[in-house]
Amino acid sequence: MGNRKISKKFGVGLFCLVALVMAVIIVVHHNPLADAHEEKIKKMVSCAVILASCGVFWKLYDKIVVLPAELYQSRRLIWKLAKNDFKKRYAGSYMGAVWAMVQPVVTVVMYWIIFEKVFGGQGPRGDNGVTVPFVLFLTAGLVPWFYFNEALTNGTNALLEYNYLVKKVVFKISVLPIIKVIAATFIHVFFVLILLLVACGYGYYPSVYTLQIFYYSACLFVFVLALSYTTCALVVFFKDLSQIINIALQIGMWVTPIMWNVDEFDNAFVVLLKLNPLVYIVSGYRSAIYEHTWFWQDFYSTMYFWIVTVVLFGAGALVFKKLKVHFADVL
């Protein structure tokens, strides 16, 4: 019991320390180009959310940390199952994993022909005043979206697909959603390489800024994992959720600035769309490829993304822990 209390004190203390550092950075940071009143509101809201998060984390510490602890303890098993899941998906197919790459590539080519060749769409104007090729602009938006789409869809259905493992008493079912997300990451790596080749073809060669692809991929991994733990737990009891998510993903592709440039619009509706955390990810991939800006230069968007992601992960951990005792009975 004593070790548990020490562990809780250390965990809560570390979390609050990180939260305090974030709050101080937010308060001290000043953007001379931003509206003073709007910036003040952002700081107040951010600090309020951080303070509330500390209280919730202290109150629900034992329930929240169970999931990260199980994932860390099962890291070798997770890696092995993720590779097996990826191989199993294309077992018996002559072309194997190539099929997973064909459809997204065809989608990119189709959108490129329709929006650039037929309708004459153009990419945004870069920092050097030169218009970015539309196919590069489009690919940089579609690559993270394909990853999010596949990872969330497969992560949501992880417990349904592996229902025979859910019924095993000794098996840690918390590893199932993350193996689906990792399996989707394998395909994502291939598409990042395709994106880099397309960029090189248009003269945008890799630079030190390109390394941010690793950062934004990690952001997307954590974000979709946070969502998956909530959706995979709920879909066990509400099967229609899978169809709802499919429809939401179709809508989400158009409200996320993948085929349009968010910087070209300035109205209340677009401001509302910017609340979508995927806007940060898509913009980040583009900045890493051809805009040559660092992620910390968009300070408030970075803070907003991580605050939302941490809150979603905590909520997902709580929902999963509360419902998992009933999974075997329902499945």
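The values are calculated or read from the model by the stated rules, or taken from the named source; none is laboratory data. If you're wondering where the values come from, they're calculated on a predicted model, not measured in any experiment. Backbone-built Cβ (ideal geometry, glycine too); neighbour counts: all protein chains shown.
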inquiry  = Within segment 259-270, does at least one residue satisfy the condition of being among the aliphatic types (A, V, I, L, M) and part of a loop (DSSP other than H, G, I, E, B)?
reply    = yes
request  = Please enumerate the residues belonging to segment 286-303 that are at pLDDT 85 or above and hydrophobic (A, V, I, L, M, F, W, C).
outcome  = ALA288, ILE289
remark   = Restricting segment 222-258 to residues that are in a helix (DSSP H, G or I), in contact with a Gly (Cβ under 9 Å, 6 or more places away or on another chain) and of a type outside the set (A, V, I, L, M, F, W, C), the one nearest to ILE173 (Cα to Cα) turns out to be TYR229
inquiry  = Given the condition β-branched (Val, Ile, Thr), modelled with pLDDT of 75 or more, surrounded by 12 or more Cβ atoms within 10 Å (Cβ to Cβ) and over 21 Å from LEU225 (Cβ atoms), answer yes or no: does some residue in segment 64-76 qualify?
reply    = no
message = List the helices (runs of 4 or more DSSP H) inside segment 134-211, counting only whole elements, that have at least 2 residues being within 17 Å of LEU227 (Cβ to Cβ) and among the aliphatic types (A, V, I, L, M).
response = 134-156, 158-161, 175-201
